[in-house]
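K.L.:
Supplied in structure tokens, the structure appears directly below.
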């Protein structure tokens, strides 16, 4: 959806500290986010 509205914008998403418990959960959320058009996925747990 992001790419449909803003083709040339560098856009990303992030998560709250407690949103995902394991590293695999974080990677799964990041992959899903980028497959849906985000250029990056921010987490302060990295």
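What follows draws every value from the coordinates through simple rules; no lab data is involved. As the structure is a computational prediction, the values presented were derived from the model and not from experiment. FYI the Cβ positions are ideal-geometry reconstructions off the backbone, even for glycines, and counts take in every protein chain you see.
K.L.:
Please find, among 30, 11, the residue that is in contact with a helix residue (DSSP H, G or I) (Cβ under 7 Å, 6 or more places away or on another chain) and in contact (Cβ under 8 Å) with a residue 12 or more places away in the chain.
P.N.:
Going through 30, 11 in turn, the sole match is 11.
K.L.:
Next up: Filter segment 27-41 for residues that are in a loop (DSSP other than H, G, I, E, B) and touching a strand residue (DSSP E or B) at 6+ places or on another chain (Cβ under 6 Å); which is surrounded by the fewest Cβ atoms within 10 Å (Cβ to Cβ)?
P.N.:
39
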